[in-house]
Amino acid sequence: GLNFIDLMVRQGNIDNPPKTPLVPGFECSGIVEALGDSVKGFEIGDRVMAFVNYNAWAEVVCTPVEFVYKIPDDMSFSEAAAFPMNFVTAYMMLFEVANLREGMSVLVHSAGGGVGQAVAQLCSTIPNVTVFGTASSFKHEAIKDSVTHLFDRNADYVQEVKRISTDGVDIVLDCLCGENTGKGLSLLKPLGTYILYGSSNMVTGETKSFFSFAKSWWQVEKVNPIKLYEENKVIAGFSLLNLLFKQNRGGLIKGVMDKLLNLYNNKKIKPVVDSLWALEEVKEAMQRIHDRGNIGKLILDVEKAPTPLVSTNN
């Protein structure tokens, strides 16, 4: 699986990036080739998906058994590589952090991306949940059925949301940060939850400097605890990778995966795969995410041959 965090790793916009040379990637799917001596519950030949602490973009991957899950029979390998990061992130934010219930409303940025589509699908499993989404306008036709109200990512979505729901929303899921933080907090209803789960505005164009992203951080309004208290608002952060690899919550995440696979088997959710790329095409695949051209998930497929560039002068 190719995730926005992989772009942040490449640009060094994360705490303590590993020393190079390094193999990126945090999730994969494949067939079990070998087992540790004490591993139970898996056999050689099993179809599995897994979280990996780097090194997922490879032909052979090694990871502790607690991060490995069996793939349902009717799930393809590409769907399986698109499943863990996006759906676990979406599920935990909605249900473990924000306590989504019937009749609530959710605002999600990048509604056409992997997490955005997972959020939209999971919201549809709860009655009467209203989903407000922002996305690039060229994606609207493809994703309009997955959310209740869709806005252009460059439009004044705060006014649009307030026009439809005068007192705002119950949950804001923000992967953008920067100036959107203050906007998101302003849209929260009393007892609403704002969750920051990424900072995709950090990923600058190749020509921009690190300082252009730093400027967007200065636009994050200082969060005043007294104001939170007076307005009855909750502000939270969520990092799946830290939960998995730094805070040792693999057991908790296994429980979430069990629930998600149950939803998948009951045809309630299904990962959206945007496109498959050969490992040699990783540059072009990353550019597609960078340009926010994808709807759903990009997958690197080790068995795929690179697509030859068609010559225009034949």
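Computed from the coordinates by the stated procedures, all read-outs in this text should not be read as laboratory data. Model, not experiment: these values are computed from the prediction. Because the Cβ atoms are built from the backbone with ideal geometry, glycine has one as well, and the counts that use them run over all protein chains shown.
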Fill in: Antiparallel DSSP beta bridges within the chain, as percent of all bridges there, nearest 5
25 percent
Response to the item:
Charge tally for neighbours of I31 with beta carbon under 12 Å away, counting Lys, Arg as +1 and Asp, Glu as -1, is -3
Worksheet item: Based only on the alpha carbon positions, what is the Kirkwood hydrodynamic radius of segment 137-187, in angstrom?
Response: 12.0 Å
Worksheet entry | Local electrostatic count, P84, Cβ distance below 15 Å [Lys/Arg +1, Asp/Glu -1] | +2
Practice prompt. Amide H neighbours of G133 under 5 Å, at least 5 residues apart or on other chains, H built in the peptide plane: list them.
Written response: V108, H149, L150, F151
Discussion item. If packing is taken as the average count of other Cβ atoms within 10 Å, what order do 1-9, 254-262 fall into, highest mean first?
Written reply: 1-9, 254-262
Discussion item. How many angstrom lie between the Cα centre of segment 1-55 and the Cα centre of segment 56-74?
Written reply: 8 Å
Worksheet item: Which of the pairs K259/K297; K162/K183; K189/K259; K183/K227; K189/K227 have their Cα atoms more than 18 Å apart in this structure?
Response: K259/K297; K189/K259
Worksheet item: Which peptide among 81-89, 244-252, 45-53 comes first, and what is the full order, when sorted by highest mean count of other Cβ atoms within 10 Å?
Response: 81-89, 45-53, 244-252
Worksheet entry | Environment charge of V52, counting only residues whose C-beta is closer than 14 Å and scoring Lys/Arg +1, Asp/Glu -1 | -4
Worksheet item: Taking the radius of gyration and the Kirkwood hydrodynamic radius from Cα positions alone, what is the Rg/Rh ratio for the chain, to two decimal places?
Response: 0.97
Practice prompt. Tell me what the chain gives for mean residue ellipticity at 222 nm when only DSSP H runs of n ≥ 4 count, each as -39,500 (n - 2.57), the sum divided by the residue total, rounded to 500 deg cm²/dmol.
Written response: -8500 deg cm²/dmol
